[in-house]
Amino acid sequence: MSKSLFTIVLTLFVLSIAAEDLVYLEHSETLSFDEQAYPGAQLLVGNVIFRHDSALMYCDTAYFYESQNTLHAYGHVRMVQGDSVKGYARKMFYNGETKFARFIGNVRLYRNADTLLTDTLNYNRAAGYAYYTCGGTLKDSLNVMTSHIGNYNTKTSQARFTGEVHLVNPKFTLETELLDYNTKTKIADLVAPTDILYEEETTIYTSRGTYNTDTEESVLLNRSVVHNQNGIRMTGDTIYYDKKVGYGRIHGAMEMIDSTNYTTLYGDYGEMKEEHNRGYATGKALMEEWGDSLHHAYTHADTLFTEDVPTNDTAFRRIRAYYSVRMYRYDFQAVCDSLVYTTEDSVITLYQEPRCWNENNQMSADTIRVYIVNDAVDHIHGKGSALAVRESSSDYYDQMAGKEIFAYIVDGEMRQLDVNGNAETIYYPQEEQADSTAAPEYLGMNRTICSHVRFFLENEEIDHVLFTSETTGVMYPLDQIPPGEDRLSGYFWAEQERPTSPMDVLNPTRRLERPSTATKSAADVIEEDSEAVRTAKENRKAKIKERNKAH
């Protein structure tokens, strides 16, 4: 290609680019000039039409500064850009060099199903970027957003709103000071403290997250809160919440408050289903049951479940705890492998190596049921290889074993203990003391076997005992107890496992292996050391005789 031909081609290319940047007057009914009033301007009146590349601009009158490639349009201003963007206003100032338009007065910008309404709007055609600073409203097919300041990109459908932001949806309202929103995806990016309100249903609070206003799914960060009107309030470092299906998943320092059932679930992770009011917690899982100041209960396990169980016309509450269960109440403490509690009968059932404590009493069995009345423990039933041990002193432990044991609690203290079926007991009767503060004086160790025995307790001590008529037993002076006779065959004392405070339930302890509960018959007990038995009886008689002489 010759140099002259190249120059001609380059010149035509430059001219074509320059032509694309020029604003052209397409139509006007009249055209005039007033150099004194409007120097350099063409005065256009009547059905005025301009064209700038892909945009057409309409108005009643205009001042066209052709040399500056700008115009001022007045009356029924309309801009049409391609097939999707349309702008309306009372007047418009347009710069063809920057493709920047300023709409003033009853401004409406349409892009497909989106409508932006304001009084003054700045619009960059090249970037598709529109913004207002005097208050405005953006509507899409689902939501209406209002704010003091806002911007909207017609190419990406992305908008940002600042200052008293209100998003109104047919189902909810959203209030914040700063909001990013996409009219295409219907997703709101929550970047400031935000409240989402479902009237008489749900309130969501967060300072950071995303909310899909169409599907009603959200990811909420920074210790967000979801509060349902059914009484459930979820708090967590991160919450995934699906409002439509009523499901929440909580990660990090989970807290789930159920104000209807007076419980709170804690854990590292949890889930909530609004159907049947179901809750789930794991990872340092803890359930707090609120009563009055005396009747708070704290239960820890690897996994905790709560749910409403529907019956014929109503529902009852069920709580399940699995693996390494530890419970603390002021009147009752327990450890076991699994636990179930229902409000239908107000019974806590402990499974697999359960053991529980009240004051200085310990009970263990194959299964233990704890009966609650008016938020307090009323009685405890241990069934299958049942064993009760009470610490009479640091040296002496009263022991009761049988097929089942019932312990009755009054005002937080054990008042009665019934042992049924092959009842075997060891206890240390005490001399009555005139001074209740004096150290106890033990009379000896009583070991018995019968079908049933009942212990009555007063001030945490055995007051008196009732045996069935077929009781067989022996009383040993303290200094003549044969080796091993001071322990029933299934005896164990697991005080180190016992939770000592509400938060101590979170501290794991090594479980003691429970000894075999095989028991001896009455004949075996007495026959093992008949000589020792006779000696013990004789010594006992002698001691009573000496005491009678002294008095």
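Conditions (1) touching a His at 6+ places or on another chain (Cβ under 6 Å); (2) surrounded by fewer than 18 Cβ atoms within 10 Å (Cβ to Cβ), marked per residue:
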| residue | (1), (2) |
| --- | --- |
| Leu221 | no, yes |
| Arg233 | yes, yes |
| Arg249 | no, no |
| Asp258 | no, no |
| Leu265 | no, no |
| Leu304 | no, no |
| Pro310 | no, yes |
Segment 355-396, subset outside any strand (DSSP E or B) and not polar (S, T, N, Q), residue surrounded by the fewest Cβ atoms within 10 Å (Cβ to Cβ): Asp395
The residue that is nearest to Arg102 (Cα to Cα), considering only those in segment 148-200 that are small (Gly, Ala, Ser) and surrounded by fewer than 17 Cβ atoms within 10 Å (Cβ to Cβ), is Gly163
Picking from Gly384, Gly421, Gly412, which residue would you name as being under 27 Å from Tyr330 (Cβ atoms), of a type in the set (Gly, Ala, Ser) and in contact with an Asp or Glu (Cβ under 8 Å, 6 or more places away or on another chain)? Gly412
Answer with yes or no whether Leu117 is in contact (Cβ under 8 Å) with a residue 24 or more places away in the chain and not aromatic (Phe, Trp, Tyr). no
Just to be sure, is Ser451 under 27 Å from His379 (Cα atoms), in a loop (DSSP other than H, G, I, E, B), of a type in the set (Gly, Ala, Ser) and assigned by TED's automatic domain parsing to the domain that holds Asp375? no
When you go through Thr264, Thr238 one by one, which is the residue that is under 16 Å from the mean Cα position of the chain (by Cα) and within 26 Å of Arg498 (Cα to Cα)? Thr264
Looking at segment 397-412, which of the residues that are out of contact with any Leu (no Cβ under 8 Å at 6 or more places or on another chain) and assigned to a strand (DSSP E or B) is surrounded by the fewest Cβ atoms within 10 Å (Cβ to Cβ)? Val410
Pick from Glu289, Glu275: which is outside the structural domain of Val373 (by TED's automatic domain parsing) and under 30 Å from Asn360 (Cβ atoms)? Glu289
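Report yes if Thr115 is closer than 23 Å to His148 by Cβ and not small (Gly, Ala, Ser), otherwise no.
yes
Go through segment 270-287 and give me each residue that's touching a residue at least 40 places away in the same chain (Cβ under 8 Å) and in a strand (DSSP E or B). Steps first, answer last, please.
Of segment 270-287, the ones touching a residue at least 40 places away in the same chain (Cβ under 8 Å) are 272, 274, 277, 279, 284, 286.
Passing the criteria: Met272, Gly279, Lys284, Leu286.
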Residue ranges of strands (runs of 3 or more DSSP E) in segment 98-141 with at least 2 members more than 19 Å from Val168 (Cα to Cα): 100-111, 114-124, 129-132
Within 25 Å of Arg125 (Cα to Cα) and either at pLDDT below 95 or of a type in the set (Val, Ile, Thr) (or both): is that true of Val9 in this structure? no
Just to check your reading of the model, which residue among Ile319, Ile348 is in a strand (DSSP E or B), over 18 Å from Leu506 (Cβ atoms) and in contact (Cβ under 8 Å) with a residue 24 or more places away in the chain? Ile348
Suppose we keep only residues that are buried (at least 19 other Cβ atoms within 10 Å of the Cβ) and β-branched (Val, Ile, Thr) within segment 71-119. Which one would you say is farthest from Glu29 (Cα to Cα)? Thr118
Within segment 46-59, the residues that are surrounded by fewer than 17 Cβ atoms within 10 Å (Cβ to Cβ) and at pLDDT 95 or above are Gly46, Asn47, Ile49, Arg51, Leu56
Mind listing just one residue for me: the one in segment 468-486 that is surrounded by 15 or more Cβ atoms within 10 Å (Cβ to Cβ), modelled with pLDDT of 85 or more and within 56 Å of the chain's Cα centre (by Cα) and, of those, farthest from Leu387 (Cα to Cα)? Glu485
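The values are calculated or read from the model by the stated rules, or taken from the named source; none is laboratory data. Bear in mind that the values here come from a model prediction, so they are computed numbers and not experimental data. Neighbour counts run over all protein chains shown; Cβ positions are idealised from the backbone, glycine included.
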